[in-house]
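Here the structure is laid out as structure tokens; the discussion comes afterwards.
The values are calculated or read from the model by the stated rules, or taken from the named source; none is laboratory data. Predicted model only: the values in this text are computed from it and were never measured. Every residue, glycine among them, receives a Cβ derived from its backbone with ideal geometry; neighbour counts consider all protein chains shown.
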Amino acid sequence: MRLLRYTVVAISLLLAACGWHLKGAIDVPDNFTALKIQGASGALEDELHAQLAANGINTRPEGNSGFYTLALGREINERRTAALGADAVVAEYEYLKAIQFELRDPDNRLIGKPTTAEIARAVSYNANSVLSSTGEGTLVQTEMTRELASQIIRRLSFMIEQSPDGQAAR
């Protein structure tokens, strides 16, 4: 029993030392506790709220000051043909999701530069199995939205850590 306990502790320490995290866990600065999201809609907005809440960040702050503001631009969702088969039928599609965003501090000053987050994925398409290919495309787009939200949050965390004054947000 004691050996099992030591083994579990040793494995936990090794995993923590190598930087391993549970999927979806994002390291955020201590002063990043509240964020107002502007310009988002649909699946990306829902995913941002869910991931930020899971990381302990209030996404619906009250009042007019004391929180960071994430301003999102127009979201780009594209699907284009990436490859054709020998019979000139689509064999692969490429999906692209991108969005421009900027971060403002509690005093409404721009932190860093406006930047773009983007994700691209190629998906095989089988004309003989349209339903499964369409379902796979939908699944890939959902995963891309989740990854795009994670990418934005990681970048926000970095921008806040690098901000000159490192003000605490409420």
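Output the residue which, of all residues in region 30-68 that are closer than 20 Å to T145 by Cα and of a type in the set (S, T, N, Q), is surrounded by the most Cβ atoms within 10 Å (Cβ to Cβ).
Q51
Working only within region 1-37, note down all residues that are within 30 Å of Y68 (Cα to Cα), at pLDDT 75 or above and either of a type outside the set (V, I, T) or not in a loop (DSSP other than H, G, I, E, B) (or both).
Answer for region 1-37, where residues must be within 30 Å of Y68 (Cα to Cα), at pLDDT 75 or above and either of a type outside the set (V, I, T) or not in a loop (DSSP other than H, G, I, E, B) (or both): A34, L35, K36, I37.
Filter region 93-111 down to residues that are in a strand (DSSP E or B) and either loosely packed, with under 14 Cβ neighbours inside 10 Å or aromatic (F, W, Y) (or both) and give me whichever is modelled with the highest pLDDT. Working first, answer last.
Step one: of region 93-111, the residues in a strand (DSSP E or B) are 93-104, 110-111.
Retained after the next criterion (residues that are either loosely packed, with under 14 Cβ neighbours inside 10 Å or aromatic (F, W, Y) (or both)): 93, 95, 101, 110.
Details: Y93: 86, Y95: 92, F101: 96, L110: 92.
Result: F101.
Okay, residues lined up against (1) outside any strand (DSSP E or B); (2) in contact (Cβ under 8 Å) with a residue 40 or more places away in the chain; (3) over 30 Å from M159 (Cβ atoms):
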site	(1), (2), (3)
A53	yes, no, no
E75	no, no, no
V123	no, no, yes
L139	yes, no, yes
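For region 139-170: of the residues being under 13 Å from the mean Cα position of the chain (by Cα) and small (G, A, S), which is modelled with the lowest pLDDT?
Only one residue fits best here, namely S157.
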